[in-house]
Amino acid sequence: MEEPQQGPSDGLVELPLFPLNLVLFPGMDLPLHIFEERYKDMIGECLNNHTPFGVVLIKEGMEVGAPADPERIGTSTRILRSELLDQGRMNIMTKGERRFEIVEIIQRVPHVIGRVRFLVEIEGEGCLDLVREIADEYVALVRNMTALTGGYASRVSVPEDPVELSYAIAANLDLATHLRQSLLVTETAATRLADLIPLVRQGNEDLRQRIANSNPFQGPRLN
């Protein structure tokens, strides 16, 4: 697969950008329906060249219409599957890959292109203890999410890598967009995991309540 075009010495790459009202984390699946002409062309180029594009949260503006101003930190994503529909529309499934920082916007029309710097992932201090503390909550989160849809997860694989685990938890929590962006911007996995501990505990409590509420018939309690 080809990579984005890289500058000769500054380590910056040119990356087409897709401003959206959502935050994408590395490792997170993201389905998209492509219907605007500018994004049909952009995604078509990515498909033809086997290159990624960047997903960035909109700081100001709208998803549809005039180019929106994006947040500084986003995530590149790779197209896994695509389905061509009528009138050139597409359904695509993508997966987040790497965080990046926008250094400058070099094109706004027809779609946004930025010169970006990919960010190095840093574990940070105390990750081992944090992983131990949050692992059970992650298992509970996956099981609660599965139970909410009527299923049961007998075995849950917990990522051993602290960076991967932090993004997996963040991606699965139902959080306000500004909190998700804050977690994406966080420099180390240790800080992200520490921030996630109270959030995942609250998320599990909310899920347990939703599961209880979705089962209106509670059989007789046997003493």
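Values quoted throughout were computed directly from the atomic coordinates according to the rules given, and no laboratory measurement underlies them. Here the structure is a predicted model, which is why all the values come from computation and not from measurement. Reconstructed Cβ throughout: ideal geometry from the backbone, glycine too, with neighbour counts over all protein chains shown.
Details
- Cα centroid of the stretch 27-41 to Cα centroid of the stretch 77-141, whole Å: 14
- For the pair residue 69 and residue 139, a Förster radius of 45 Å applied to the C-beta separation gives a FRET efficiency near 0.70, rounded to the nearest 0.05.
- Screening the chain for DSSP H helices whose Cα atoms reach 27 Å or more along their own axis and whose mean Kyte hydropathy is at least -1.0 gives 127-148, 189-213.
- Of the residues 214, 82, the one with the fewest other Cβ atoms within 10 Å heads the list, and the complete ranking is 214, 82.
- Longest site-free stretch - the chain; sites: chymotrypsin sites (Phe, Trp or Tyr not before Pro), DSSP loop, at most 12 other Cβ within 10 Å: 1-151
- log₁₀ of I(q)/I(0) at q = 0.11, 0.12, 0.17 Å⁻¹ - the stretch 13-118, Debye sum with one point per alpha carbon: -0.28, -0.34, -0.71
- Listed residues 83, 14, 121, most fluctuating in the chain (Gaussian network, C-alpha, under 10 Å): 83
- Spin-label pair residue 106-residue 91: with each label point 7 Å from Cα along the Cα-Cβ axis, the two points sit 3.5 nm from one another.
- With one equal scatterer per alpha carbon and no solvent term, the Debye-computed log10 I(q)/I(0) for the stretch 127-213 at 0.14, 0.17 1/Å reads -0.46, -0.67.
- Per-selection Kirkwood Rh - the chain (Cα, Å, 1 d.p.): 19.2
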